[in-house]
1. Filter segment 498-514 for residues that are modelled with pLDDT under 95 and hydroxyl-bearing (Ser, Thr, Tyr); which is least open to solvent (accessible area, probe 1.4 Å)?
2. From the set of residues in segment 524-568 that are among the polar types (S, T, N, Q) and assigned to a loop (DSSP other than H, G, I, E, B), which is farthest from residue 345 (Cα to Cα)?
3. Just to be sure, is residue 302 modelled with pLDDT of 95 or more, charged (D, E, K, R), away from the ligand (no atom under 16 Å from the Cβ) and part of a strand (DSSP E or B)?
4. Select from segment 257-271 the residues that are more than 24 Å from residue 312 (Cβ to Cβ) and crowded, with 19+ Cβ neighbours inside 10 Å and list them in ascending order.
5. Quick one: in segment 172-194, of everything that is among the β-branched types (Val, Ile, Thr) and in a loop (DSSP other than H, G, I, E, B), which residue is surrounded by the most Cβ atoms within 10 Å (Cβ to Cβ)?
6. Does residue 235 fit the bill of being away from the ligand (no atom under 16 Å from the Cβ) and part of a strand (DSSP E or B)?
7. Pick from segment 75-122 the residues that are under 18 Å from residue 43 (Cα atoms), in a helix (DSSP H, G or I) and free of Cβ contacts under 8 Å to residues at least 60 places away in the same chain: which of them is most open to solvent (accessible area, probe 1.4 Å)?
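The values are calculated or read from the model by the stated rules, or taken from the named source; none is laboratory data. Every value quoted in this text rests on a predicted model; they were computed, and no experiment measured them. Backbone-built Cβ (ideal geometry, glycine too); neighbour counts: all protein chains shown. Surface accessibility is based on the protein's heavy atoms, side chains included, excluding ligands, DNA and RNA. Shrake-Rupley method; radii C 1.70, N 1.55, O 1.52, S 1.80 Å.
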Amino acid sequence: MNNTAKHLTAILGAALAAALLTAVPALAQNPQQLGKNHAHQRVAVSHRYLLLPVQDREDLATIVVLSDNRQVQSINVRLAVDKVDYFVPLDIERFGAESLLLDITFHGDRRYTGAMKDFICWKEMTQTETFDTANREAFRPQYHHTPSYGWMNDPNGMFYKDGVYHLFYQWNPYGSMWENMNWGHATSTDLIHWEEHPAAIEADALGTIFSGSCVVDKKNNRVVAFYTSDGRSQVQSMAISKDGGKTFVKYADNPILVSNQPDFRDPKAFWNPEIQKWNLILAAGDEMWIYSSDNLVDWTFESTFGKEYGNHEGVWECPDLMKLQVRGTDKQKWMLICNINPGGPFGGSATQYFIGEFDGHKFTCEQKDTRWMDYGKDHYATVTFDNAPDGRKIALAWMSNWQYANQVPTKQFRSANSVPRDLDLFEYNGEIYCGVTPSRELRAIRGNAVKKLPQACEIVIDLKGGPAEITLSNPIGEQVVMQYDTENRTFSMDRTRSYVSFSESFPCVTVAPVRGEMKQLRLFLDNCSIEAFDAEGRMAMTNLVFPSQPYNSLKVTGGKATIYEITK
Ligand code: FRU
């Protein structure tokens with residue numbers, strides 16, 4: 001309880017004080033205008049949170065939080081000017097001060113909106129003890145991970161330890177568009193039910209916290225996180241957890257890796273038993289750079305990969321590197337995952353991969369063509385869990401595309417992660433490809449077979465051997481059409497007649513090559529996403545859809561469909 005609360009409780013009694021304290025106007029005084037776009041707002045801290053009113057179409061305002069004339073936090077928020085879209089909570093109690101000064105600079109040209117003192121944000125900032133994260137969104141998925149509020153992009157730092165999967169993610173808790181990156185944190189014991197935790201790694205003087213990875217360092221009984229500090233330069237930093245990933249302490253001598261390369265980010269570290277050392281791979285421009293280390297702190301540069309291989313129409317990001325089994329053989333190969341944006345097969349972001357050999361120093365690619373892990377338009381920043389049980393390589397992808405991720409029609413939160421997928425390799429026509437199979441944990445939530453189409457379900461389609469067509473539609477004529485073309489050996493998904501008005505880049509037909517006959521299709525629907533898999537894991541396609549009314553009709557030719565409820 002803070003001083004105001006103690007004082008009120010003493011003179012009014014607990015019940016009356018609590019009633020008064022649930023939501024009091026924060027701002028006893030008006031903002032002090034320092035310049036055309038610059039104001040000071042004093043906050044007498046009486047509650048845990050200051051609710052900041054956000055209007056997404058506005059430009060950013062920088063809020064520097066000052067305590068005793070020292071900066072304790074700096075964030076960028078689209079403070080509401082004439083309409084509040086939603087609120088975000090700023091924890092003001094954590095600084096232990098009775099009073100804080102918010103130094104606020106509005107960016108952009110706001111002449112059209114009138115005088116700063118009339119902005120609606122001043123009136124609407126209030127303090128509260130709790131922040132309501134109950135879902136308010138029709139398009140929030142039911143069995144995919146989403147942040148309880150705010151913007152999310154890449155999955156980060158995923159690891160498994162003591163029965164728990166840890167998922168960190170690029171998170172903006174101060175708005176539903178990309179900004180203020182830090183690592184949000186969620187845990188799960190089954191890869192389906194996720195519990196949210198406070199942010200694990202937050203911005204500091206080196207910069208905001210961009211993507212990276214964690215390793216479970218068993219010898220030293222710790223979890224070590226590697227991430228990019230995005231400040232005036234992009235540099236790599238580390239943080240150490242001694243409590244199994246609950247809390248992290250940043251390494252005192254960060255950064256641990258620097259370069260002149262401006263795009264230098266997304267370190268993925270892993271233990272390589274073949275050389276008895278740690279390896280780390282990161283994205284540098286449109287290449288990958290590989291390092292090795294004995295102690296996780298001192299890294300030796302080993303080699304670069306990529307110049308002559310794959311797609312280079314964008315920046316290479318979020319790598320991963322792993323050894324995988326080729327199905328049905330005793331052969332193993334290395335696979336390098338390379339997310340690229342733009343340059344994806346249908347525009348914008350996508351995940352390409354390379355098959356080859358890795359000796360701890362150099363990755364040697366054995367394929368000539370460009371290969372995509374998922375042929376949808378909403379599958380990006382794919383990386384795998386460190387230390388997953390039974391040698392599994394479990395991947396999650398961010399289900400969006402940088403072309404329109406900031407515009408998709410949700411407010412309280414933006415973006416979900418894909419369903420978990422197990423990666424392996426398979427041989428087809430003498431070539432080795434990446435296999436992508438829905439993780440077995442999804443079988444456990446398969447419920448009863450039902451007649452009516454739920455918004456969250458799994459549809460299993462036993463194909464009859466010839467071409468097939470699957471149409472999902474709603475009463476107002478919006479539809480998604482999938483086709484299995486056995487002649488051209490392709491699977492396609494057409495969402496041009498789904499709800500699409502928020503971005504010109506959204507309508508599309510995505511097409512995947514089918515390698516080997518598909519016998520069964522598994523479709524995972526969850527309010528705003530469709531993930532289509534060849535049940536044998538040789539084709540994956542992930543696409544968002546935003547029907548303005550739920551799809552209630554399923555028509556299938558060329559196969560027999562069973563609709564399963566999802567039980568959570
Ligand atoms: C990929 C990415 C990463 C970066 C992060 C920033 O989506 O651009 O390269 O670390 O997002 O949020």
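1. That would be 498.
2. 567
3. Answer is yes for this residue.
4. Matches in segment 257-271: 269 only.
5. Checking each candidate, the answer is 192.
6. Taking the combined requirement at face value, the residue does not satisfy it.
7. Selected residue: 94.
Every residue, every condition in (1) touching a residue at least 40 places away in the same chain (Cβ under 8 Å); (2) open to solvent by less than 20 Å² (accessible area, probe 1.4 Å), yes or no:
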{"position": "291", "(1), (2)": "no, yes"}
{"position": "297", "(1), (2)": "yes, no"}
{"position": "301", "(1), (2)": "no, no"}
{"position": "314", "(1), (2)": "no, yes"}
{"position": "339", "(1), (2)": "yes, yes"}
{"position": "359", "(1), (2)": "yes, no"}
{"position": "384", "(1), (2)": "yes, yes"}
{"position": "387", "(1), (2)": "yes, no"}
